[in-house]
Amino acid sequence: MLTPEYCGLMAEYNRWMNEKVYNVCLKLSDAQRKEDRHAFFKSIHSTLNHILWVDMSWMARFNNEPLPKSPAGSDLFTSFEELTRTRKDYDTRIIEWTKTIQSDWLNSPYKFFSIIYQKELEKPIWVLVAHLFNHQTHHRGQITTLLTQMGLDVGVTDLAWMGSV
């Protein structure tokens, strides 16, 4: 089970890692970021878009807001500058949101419509919040692999070595 403190730590970790990945991606041309590299979401740019869109979707659910429009096979943001700006804004928003999390809320059940399964599901909120954080880590791992294959290094990625821990 998760604690509010764990959620705050993971939000900080994801911001730290997003900054590192985006800073390395700045070294690439737009064409390099958008090149089909045979990854699950094809390109680095599309994978970054996917991570952000999923974060936006879960934050909307957790805050009882309308879901963002699904990009359905296209990128939510074509501009890397806009993608970067929105990523930074969402990282801040997620960190601030974790400061409001209460243990009893994490232990509550949550009903939502699954876009993947096209039906309503019910899961403990703590599982869904864990997914929010784990999802970023999973897809960033794909991006760091692609960057490594291009001869670029994002540096240390381990949570335990984050400066604020």
query: Does any residue of region 68-77 turn out to be exposed (fewer than 11 other Cβ atoms within 10 Å of the Cβ) and among the charged types (D, E, K, R)?
result: yes
task: Just give me the residues in region 140-154 being aliphatic (A, V, I, L, M), within 14 Å of Tyr22 (Cα to Cα) and part of a loop (DSSP other than H, G, I, E, B), in sequence order.
output: Leu152, Val154
- prompt: Going by the conditions given, is Arg15 of a type in the set (Lys, Arg) and either under 14 Å from the mean Cα position of the chain (by Cα) or closer than 23 Å to Gly155 by Cα (or both)?
  reply: yes
field: region 79-106, residues that are part of a helix (DSSP H, G or I) and either out of contact with any helix residue (DSSP H, G or I) (no Cβ under 8 Å at 6 or more places or on another chain) or under 14 Å from Leu26 (Cβ atoms) (or both)
entry: Phe80, Glu81, Glu82, Leu83, Thr84, Arg85, Arg87, Lys88, Asp89, Glu96, Asp104
task: Report, by residue number, each residue of region 107-130 that is surrounded by 11 or more Cβ atoms within 10 Å (Cβ to Cβ) and part of a strand (DSSP E or B).
output: Tyr110, Phe112, Phe113, Leu121, Lys123, Pro124
task: Go through region 26-42 residue by residue and tally those that are in contact (Cβ under 8 Å) with a residue 40 or more places away in the chain and either in contact with a helix residue (DSSP H, G or I) (Cβ under 6 Å, 6 or more places away or on another chain) or among the acidic types (Asp, Glu) (or both).
output: 5
message: Condition first: in contact (Cβ under 8 Å) with a residue 40 or more places away in the chain, out of contact with any strand residue (DSSP E or B) (no Cβ under 7 Å at 6 or more places or on another chain) and among the hydrophobic types (A, V, I, L, M, F, W, C). Now tell me which residues in region 98-128 satisfy that.
response: Ile101, Leu106, Ile115, Trp126
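Taken together, the values in this text are just the output of simple stated rules run on the coordinates, not laboratory data. As the structure is a prediction and not an experimental result, all values here were calculated from the model. Here Cβ is always computed from backbone atoms with ideal geometry, including for glycine, and neighbour counts include all displayed protein chains.
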